[in-house]
1. Mind checking which of LEU105, LEU86, GLY115 is farthest towards the positive end of the chain's charge dipole, using Cβ charges of +1 (Lys, Arg) and -1 (Asp, Glu) about the Cα centre?
2. What list of ³J(HN,Hα) couplings, whole Hz, do you get for region 9-19 from phi and the Karplus terms 6.51, -1.76, 1.60, once you set θ to phi - 60° and write x for glycine and proline?
3. Kindly sort LYS65, LYS87 by accessible area of their heavy atoms, largest first, with the probe set to 1.4 Å.
4. In the chain, what percent of the accessible surface is made up of carbon and sulfur (1.4 Å probe, ligands and nucleic acids excluded)?
5. By per-residue mean of other Cβ atoms within 10 Å, what is the highest-first order of 12-20, 111-119, 55-63?
6. Which GluC sites (Glu not before Pro) does region 24-124 hold that lie in a coil by DSSP with at most 14 other beta carbons within 10 Å?
7. Which lysines have a Cα lying under 28 Å from the Cα of LYS87, excluding residues fewer than 8 positions away in the same chain?
8. Dipole size in debye (nearest 20) for the chain around its Cα centre, Lys and Arg Cβ +1, Asp and Glu Cβ -1?
Amino acid sequence: QVQLVESGGGLVQPGGSLRLSCVVLGGTLNNYAVGWFRQAPGKGREGVSCIRRSDSMTYYPDSVKGRFTISRDNAKNTVYLQMNSLKPEDTAVYYCVADGSGSCLIRRDEWNYWGQGTQVTVSS
């Protein structure tokens, strides 16, 4: 099956930036909607971004809008999450997700594929 491999997490100071990458193995990126979820300790998984397959329309919750940007490079089979102006509340494990429906309008449990996660810690 498709495997998603995240990288790029780490420790940054408040106001700093990180760029997460997700490489899609065993599939073609342009066949999927792709996105990112995050999970802070003791909390559930929260969607933070999605890009639709058909027209590349992007979606963000208010908590990250204006600070995070999702993009994809189909030639490299890679999706990115650029995170700027990071806040301590952004600290979480970030997961790459993909779905063959191509739609971002699906429930959390309906995403076909999940990565293993990469840790992002924002602290002074």
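1. Sorting the options by dipole projection puts first LEU86.
2. 3J(HN,Hα) across region 9-19, in whole Hz: x, x, 9, 9, 7, x, x, x, 10, 9, 10.
3. These residues rank, largest area first, as LYS65, LYS87.
4. Within the chain, the accessible surface is 44 percent carbon and sulfur.
5. 111-119, 12-20, 55-63
6. Here no loop site has a sparse enough neighbourhood.
7. The qualifying lysines are LYS43, LYS65.
8. So the dipole magnitude of the chain works out to roughly 100 debye.
The values are calculated or read from the model by the stated rules, or taken from the named source; none is laboratory data. In this text the structure is predicted, and so the values were computed from the model without any measurement. Glycine gets a Cβ as well: all are built from the backbone with ideal geometry, and neighbour counts include every protein chain shown. Areas reflect the complete protein model, heavy atoms only, side chains present, ligands, DNA and RNA absent. Shrake-Rupley method; radii C 1.70, N 1.55, O 1.52, S 1.80 Å.
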